[in-house]
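Quick notes on the structure that follows.
The values are calculated or read from the model by the stated rules, or taken from the named source; none is laboratory data. Here the structure is a predicted model, which is why all the values come from computation and not from measurement. Here the Cβ positions follow ideal geometry from the backbone for every residue, glycine too, while neighbour counts run over all protein chains shown.
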């Protein structure tokens, strides 16, 4: 029996999935497949889509992807049934967390604030971030698949 969980994937984790989605046996693909098939709740702050589209656009700029592929990838992300959060309290808490945790910006802190609010597991590829906050935030996870 699958237990319903709430996950907050960051843009880096999503980009890794999108770049590997053609390999059905890739660990990151299996992770996302499990989350989606089990109907786990996936939550993201609104800046998630800006980060994903910008990261994919960088592949276009460097000749590693074409615009149509980016558009299709963004359409795929929109089918993930992500619950998007954007509100003033989230921004306020992100600023507080960035200050408290010694972060240099509030981008990551928005994911942390949202995860904190909804009791979600936060997942990222950002080892530097995880190493900085893990001792204070036990629900922060580094994907190493």
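Points to keep in mind about this one:
- Unique match (being in a loop (DSSP other than H, G, I, E, B) and either closer than 25 Å to residue 88 by Cα or at pLDDT 95 or above (or both)) among 113, 105, 109: 105
- Answer residue from the stretch 63-74, given it is touching a helix residue (DSSP H, G or I) at 6+ places or on another chain (Cβ under 7 Å) and outside any helix (DSSP H, G or I) and is surrounded by the fewest Cβ atoms within 10 Å (Cβ to Cβ) among those: 66
- Any chance residue 60 is surrounded by fewer than 16 Cβ atoms within 10 Å (Cβ to Cβ), over 27 Å from residue 91 (Cβ atoms) and at pLDDT 95 or above: yes
- Residue 105 fulfils the conditions (1) crowded, with 18+ Cβ neighbours inside 10 Å; (2) more than 14 Å from the chain's Cα centre (by Cα); (3) within 18 Å of residue 125 (Cβ to Cβ) except for a single criterion, (1).
- Residue tally, condition assigned to a helix (DSSP H, G or I) and touching a residue at least 60 places away in the same chain (Cβ under 8 Å), over the stretch 116-145: 1
- Qualifying residue in the stretch 6-22 (condition: surrounded by fewer than 12 Cβ atoms within 10 Å (Cβ to Cβ) and modelled with pLDDT under 95): yes
- Count - residues of the stretch 1-27 that are touching a residue at least 24 places away in the same chain (Cβ under 8 Å) and closer than 19 Å to residue 115 by Cβ: 13
- When residues of the stretch 36-56 are limited to those that are outside any loop (DSSP other than H, G, I, E, B) and more than 20 Å from residue 108 (Cβ to Cβ), the one modelled with the highest pLDDT: 41
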